[in-house]
Amino acid sequence: MTPRNPARESRGREVVGVMRVLGQEPMPYQREIFDTAFEVDAFGQLWYREIVIILPRQSGKTTIVIPWGTHRALMWPERQHILYIAQTYAKALEKLTDEQHYRIKRSPIGRLLQPSRTGTTLRATNGMHHMLFKNGSKWSIDAATETAGHGSTLGLGIGDELFAQKDDRLEQAISPAMIAVADAQRLWISTAGYSQRKSPFLWEKKEQGRARVELLRADRSLLDDPRYRSLYIEYSAPMDADPDDPLTYWGCMPALGFTQSLANVISERENLKDGFFRPYLNWWADELTVEWKIPKAKWEAVADPDSEPADGQPVVYVIDVSPDSTWASIGVAGPREDGAIHGEVLADAPRILDYDDADPTGWLIHGDRERDIPGILDVLERADGPVYVELKTAGFLVPKLQELGVDVRIMADTDIAVSGPGLLDATLTRQFRHTGQEEITEALKEAAVQKFGDGWRFTRSKSMRPITALVTIAYARQMLSKLLPDLSYDPLAAFREANRSD
């Protein structure tokens with residue numbers, strides 16, 4: 001789950017209050033969701049514009065959706081439009097009739113619904129069903145199509161059971177309707193999908209969400225970065241968990257002990273066999289055989305053979321050496337014309353080549369002309385920039401580089417911890433580009449990972465081959481983003497923020 005930012009106020013208690021008036025006591029995990037999802041900025045506006053929640057079946061999705069939408073309808077100074085979207089219109093109508101309208105109508109909040117001329121509070125206009133509140137707010141429904149939400153301004157869009165979505169047409173449909181609302185929210189809530197091929201939209205949200213959570217946990221300062229305004233929440237069992245162990249259920253079913261009993265869950269496991277994995281453990285079929293930490297398809301999608309840093313823009317270099325000192329690489333990162341970060345390996349070779357060389361640094365500083373391997377002085381001559389090294393593996397280069405006047409810097413452990421999650425996040429969000437170099441791809445294919453600080457790193461000891469090529473671009477991307485924190489600066493967003501009237 002995206003960490004809570006304790007420095008921000010939250011309107012979560014308001015949603016809890018609405019939930020109680022509706023006749024439901026929130027479960028602990030629901031309170032945690034509300035407290036985080038309703039964080040507000042210094043202007044009192046909701047911080048998170050997108051919320052993705054992946055829950056096991058029968059965990060209380062409905063009791064999240066109804067108070068969320070009701071709070072939106074009643075607690076804003078201007079009337080709001082809430083749009084609930086399901087796989088089909090018939091399914092959305094069933095939810096509206098049997099759950100949403102029913103629970104609101106039978107609660108004290110039911111008095112705030114505006115009846116029609118015939119006295120009903122569940123309306124139908126031109127075949128479109130909705131509830132209307134006395135303050136003018138509207139709760140309507142639609143099917144998950146490319147026309148959902150057209151023709152109106154939305155304050156809250158709710159997409160239910162998104163594992164059935166084949167593409168992003170729903171998001172493309174409702175997003176324009178929210179652009180004029182300063183604190184609009186998109187709530188995507190679903191059980192896990194079947195596979196990447198069958199549930200591509202939710203798979204994409206899951207991949208981006210997990211990567212973003214890893215990054216924010218590794219570097220909590222990014223919680224205040226306006227680029228990170230998507231909240232991701234997932235309750236699932238680890239892929240190596242025992243699906244027959246009750247402790248697994250307690251670890252991933254937040255409603256267990258509240259609205260679910262252990263006996264019933266065990267019974268479902270026995271009845272459903274392997275069909276139990278997706279709806280209750282939130283396991284995807286594709287994840288049963290995970291190979292790459294950065295998904296292969298995503299890595300290939302950001303490959304651009306013509307990619308290069310923009311002229312005149314700053315670049316950073318990284319020199320990395322394998323723990324056994326047999327292999328080394330030099331990598332570079334720089335901003336492209338389109339704003340993405342370009343990463344490339346400039347040299348990748350055995351550190352000590354098969355000839356007599358008194359220099360213990362091998363080719364790393366002066367290069368090897370016979371084999372056309374550039375050293376760090378060669379690349380700095382083309383474009384100057386700081387050179388970063390990890391103390392444990394390449395710290396021995398620092399005195400020599402300083403003697404030669406090179407701006408060499410030692411990476412902090414905090415930056416190392418963020419480098420892996422940062423590269424993953426930048427790849428998934430297409431903020432990173434590479435030229436498709438085989439050296440990096442081969443390293444990525446076999447690289448293992450390990451926890452490091454609050455984040456993780458590509459680990460050298462468990463990998464089947466040297467991964468210095470991969471490490472250099474992960475480190476270089478991290479140090480460039482730290483050197484240029486405004487690299488993803490959005491001038492239009494800044495203009496809108498500066499001219500807000502509230």
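Things to note:
- From the list Asp320, Asp306, the lone residue that is more than 22 Å from Lys392 (Cβ to Cβ) and not aliphatic (A, V, I, L, M) is Asp306.
- Scanning the stretch 381-413 for residues that are β-branched (Val, Ile, Thr) and exposed (fewer than 15 other Cβ atoms within 10 Å of the Cβ) yields a total of 1.
- Only listed residue being at pLDDT 90 or above and more than 30 Å from Phe458 (Cα to Cα), chosen from Asp168, Asp219, Asp160: Asp160
- Residue match in the stretch 113-128 (condition: under 31 Å from the mean Cα position of the chain (by Cα) and either free of Cβ contacts under 8 Å to residues at least 60 places away in the same chain or surrounded by 15 or more Cβ atoms within 10 Å (Cβ to Cβ) (or both)): no
- Considering Ala90, Ala86, the condition of being surrounded by fewer than 23 Cβ atoms within 10 Å (Cβ to Cβ) and within 29 Å of the chain's Cα centre (by Cα) is satisfied by Ala86 alone.
Rundown of residues vs (1) at pLDDT 95 or above; (2) closer than 19 Å to Lys105 by Cα, yes/no style:
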{"site": "Val15", "(1), (2)": "yes, yes"}
{"site": "Pro28", "(1), (2)": "yes, no"}
{"site": "Glu32", "(1), (2)": "yes, no"}
{"site": "Asp35", "(1), (2)": "yes, no"}
{"site": "Glu39", "(1), (2)": "yes, no"}
{"site": "Glu50", "(1), (2)": "yes, no"}
{"site": "Gln58", "(1), (2)": "no, no"}
{"site": "Val65", "(1), (2)": "yes, yes"}
{"site": "Thr88", "(1), (2)": "no, no"}
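- Pairing residues of the stretch 351-379 that are at pLDDT below 90 with residues that are part of a helix (DSSP H, G or I), at Cβ distances under 7 Å and at least 6 apart in sequence or on separate chains, gives Thr361/Leu397; Thr361/Lys400.
- Those helices (runs of 4 or more DSSP H) of the stretch 193-288 in which at least 3 residues are of a type in the set (A, V, I, L, M) and buried (at least 21 other Cβ atoms within 10 Å of the Cβ), considering only elements entirely within it, cover 200-218.
- Selection over the stretch 428-451 of residues that are on the phi < 0 side of the Ramachandran plot and either in contact with a Phe, Trp or Tyr (Cβ under 9 Å, 6 or more places away or on another chain) or charged (D, E, K, R) (or both) gives a count of 16.
- Selection count, the stretch 222-243, where residues are modelled with pLDDT of 95 or more and either of a type in the set (Val, Ile, Thr) or over 26 Å from the mean Cα position of the chain (by Cα) (or both): 1
- Single residue of Leu262, Leu256 found to be over 17 Å from Ile33 (Cβ atoms) and not assigned by TED's automatic domain parsing to the domain that holds Phe34: Leu262
- The stretch 134-152 - residue that is touching a residue at least 60 places away in the same chain (Cβ under 8 Å) and out of contact with any strand residue (DSSP E or B) (no Cβ under 6 Å at 6 or more places or on another chain) and, of those, farthest from Ile51 (Cα to Cα): Asn135
- Summed over the stretch 45-98, residues that are in a helix (DSSP H, G or I) and among the aromatic types (Phe, Trp, Tyr) total 2.
Yes or no, residue by residue, for (1) aliphatic (A, V, I, L, M); (2) more than 18 Å from the chain's Cα centre (by Cα); (3) modelled with pLDDT of 95 or more:
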| residue | (1), (2), (3) |
| --- | --- |
| Asp286 | no, yes, no |
| Thr289 | no, yes, no |
| Pro295 | no, no, no |
| Pro305 | no, yes, yes |
| Ala310 | yes, yes, no |
| Gln313 | no, yes, no |
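- Residues satisfying the stated conditions in the stretch 1-23, i.e. among the acidic types (Asp, Glu) and assigned to a loop (DSSP other than H, G, I, E, B): Glu9
- Annotation: of all residues in the stretch 24-44 being surrounded by 13 or more Cβ atoms within 10 Å (Cβ to Cβ) and assigned to a loop (DSSP other than H, G, I, E, B), the one that is nearest to the chain's Cα centre (by Cα) is Phe38.
- Which numbered condition Ser137 misses (of (1) crowded, with 17+ Cβ neighbours inside 10 Å; (2) of a type in the set (Gly, Ala, Ser); (3) over 16 Å from Ile82 (Cβ atoms)): (3)
- Count - residues of the stretch 190-210 that are under 8 Å from the mean Cα position of the chain (by Cα) and touching a residue at least 40 places away in the same chain (Cβ under 8 Å): 5
The values are calculated or read from the model by the stated rules, or taken from the named source; none is laboratory data. Worth saying up front: this structure is predicted, and the values here are computed from it rather than measured. Ideal geometry is used to build each Cβ from the backbone, glycine not excepted, and the neighbour counts take in all protein chains shown.
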